[in-house]
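Okay, so here's the structure we're looking at.
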Amino acid sequence: MTADLIEGSTCHKQQDMIQNMEELSNDEFVKFFQNLDAVMFDCDGNNIMKNAQDLVIKLRAYGKKVFFVTNNSTKTREEFLSKFNSFGFDVTIEEIISSSYLSALYLKERNFTKKVYVVGMAGITKELKSMGIESLEIGPDPIVDDGNLWLSSAEMHNLTLDTDVGAVIVGFDQFFCYKKLFKAASYLSNKDVYFIATNTDEQFPAERKGFVIPGTGSIVNAVKTAADRDPIVIGKPVPVMFDFIQRSYKVEPNRALMIGDRANTDIMFGRNCGLWTLLVLSGVTSLQEVREFCYSRDASQQKCIPHFYLNGVADFYKLIVKTQP
């Protein structure tokens, strides 16, 4: 792996083991760092990692492009920008790549002129509106409990679909319910209607032991099952986000590094795109889990193996400070 790093190889070889980036020699790290044009950070969570701001400033000082990629569809890019600014973080809106933004952009680039039924929250509908695309109302869509089965109710039999809907976008929706599932699947019975999923994350990290917090993927899979159709997935680990970065900012995959704390989204995303990958152990995935992936014959788990790991982004910052002039 080290030889490939130093030579700036255009292909990354799958290995049975990962390397602590701190074990690289100074010369090895310098050559690796010099061969990078861009660094991408996962920003799915709600916390800013220690030294993250200093790291971003340092990366820009050395001419590296910086991007923040997130599967979180509940906010717009403008709202993510405000969040960064509230932490004193210097970020531009162009550096924020979100699943809500790219879901709307996907339709705009196809000259979409119809309406969108959104199973999701305002992050999606606001991004659609900013691109001139109309969406149906979001929020709670409850079934009135009158003691009878809704499928036999007058409401259900009088329900009509908007014939101008040409796409269904599914993201995280805290108001997801049977009626929304019914409507989404019904719209998608028309094969000409786009089916877009912002991401397929199974769960969100749970701080309280014994609790499971279902992610967007659980909603997407419900709609997928009911509609008997596969969605166009926008978020990590599929390559759509990097495809956008590559064509918009001329970033080559073998000269880019993906940093994240979740193996089955961030690291798999990097692997799927041909990027260098760095797992930080300050979040979801543990080093023990990654070592178990190394012995797995499951192709998807093998894609969860990063090239490098560190305890946190602060350690990456320290390596730069130590080795760069």
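The values are calculated or read from the model by the stated rules, or taken from the named source; none is laboratory data. Fair warning: this is a prediction, and the values are worked out from it, not measured in the lab. Neighbour counts are summed over all protein chains in view; Cβ atoms, including those assigned to glycine, are modelled from backbone coordinates with ideal geometry. These accessible areas exclude ligands, DNA and RNA; they are computed on the full protein's heavy atoms, side chains included. Shrake-Rupley method; radii C 1.70, N 1.55, O 1.52, S 1.80 Å.
Please go through region 217-251 and give me each residue that is farther than 30 Å from residue 63 by Cα and touching a residue at least 60 places away in the same chain (Cβ under 8 Å), ordered by number.
Within region 217-251, 219, 223, 231, 232 meet the criteria.
Looking only at residues in region 136-151 that are under 19 Å from residue 184 (Cβ atoms) and of a type in the set (D, E, K, R), which one is surrounded by the fewest Cβ atoms within 10 Å (Cβ to Cβ)?
This residue is 137.
Starting from residues that are open to solvent by 20 Å² or more (accessible area, probe 1.4 Å) and among the β-branched types (Val, Ile, Thr), keep the ones in region 296-325 and report whichever is nearest to residue 206 (Cα to Cα).
This residue is 321.
Checking the structure you have, find out if any residue of region 285-295 is of a type in the set (Val, Ile, Thr), at pLDDT below 90 and open to solvent by 20 Å² or more (accessible area, probe 1.4 Å).
no
Contact list please: Cβ distance under 6 Å, first residue in region 192-216 and in contact (Cβ under 8 Å) with a residue 24 or more places away in the chain, second residue open to solvent by less than 70 Å² (accessible area, probe 1.4 Å) and hydroxyl-bearing (Ser, Thr, Tyr), pairs at least six apart or on different chains.
193/187; 196/103; 198/73; 198/99; 198/103; 199/99; 199/216; 201/216
Give, as residue ranges, the helices (runs of 4 or more DSSP H) completely inside region 255-325 that count at least 2 residues that are in contact with a Leu (Cβ under 6 Å, 6 or more places away or on another chain).
The qualifying helices (runs of 4 or more DSSP H) are 313-323.
Got at least one residue in region 117-135 being open to solvent by less than 30 Å² (accessible area, probe 1.4 Å) and of a type in the set (Phe, Trp, Tyr)?
Yes.
Scan region 25-41 and report the pairs whose first residue is within 17 Å of residue 318 (Cβ to Cβ) and whose second residue is of a type in the set (D, E, K, R), with Cβ atoms within less than 8 Å and a gap of 6+ or a chain change.
If the second residue must be of a type in the set (D, E, K, R), the pairs left are 26/322; 36/64; 36/255; 39/64; 39/65.
For every residue, the table says whether it meets (1) modelled with pLDDT of 95 or more; (2) open to solvent by less than 30 Å² (accessible area, probe 1.4 Å); (3) acidic (Asp, Glu).
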residue: 77; (1), (2), (3): yes, no, no
residue: 82; (1), (2), (3): no, no, no
residue: 90; (1), (2), (3): no, no, yes
residue: 96; (1), (2), (3): yes, yes, no
residue: 100; (1), (2), (3): yes, yes, no
residue: 104; (1), (2), (3): yes, yes, no
residue: 107; (1), (2), (3): yes, yes, no
residue: 111; (1), (2), (3): yes, no, no
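Every residue in region 234-275 that is of a type in the set (A, V, I, L, M, F, W, C) and open to solvent by 10 Å² or more (accessible area, probe 1.4 Å), please.
Answer for region 234-275, where residues must be of a type in the set (A, V, I, L, M, F, W, C) and open to solvent by 10 Å² or more (accessible area, probe 1.4 Å): 238, 240, 244, 268, 273.
Any idea which of (1) open to solvent by 50 Å² or more (accessible area, probe 1.4 Å); (2) out of contact with any Ser or Thr (no Cβ under 8 Å at 6 or more places or on another chain); (3) touching a residue at least 24 places away in the same chain (Cβ under 8 Å) is the one residue 55 doesn't satisfy?
(1)
Does region 252-269 contain any residue that is free of Cβ contacts under 8 Å to residues at least 12 places away in the same chain and not aromatic (Phe, Trp, Tyr)?
There is no residue in region 252-269 that is free of Cβ contacts under 8 Å to residues at least 12 places away in the same chain and not aromatic (Phe, Trp, Tyr).
Whether any residue in region 207-227 is over 30 Å from residue 282 (Cβ atoms) and in contact with an Asp or Glu (Cβ under 7 Å, 6 or more places away or on another chain) is what I want to check.
Yes, because at least one residue in region 207-227 is over 30 Å from residue 282 (Cβ atoms) and in contact with an Asp or Glu (Cβ under 7 Å, 6 or more places away or on another chain).
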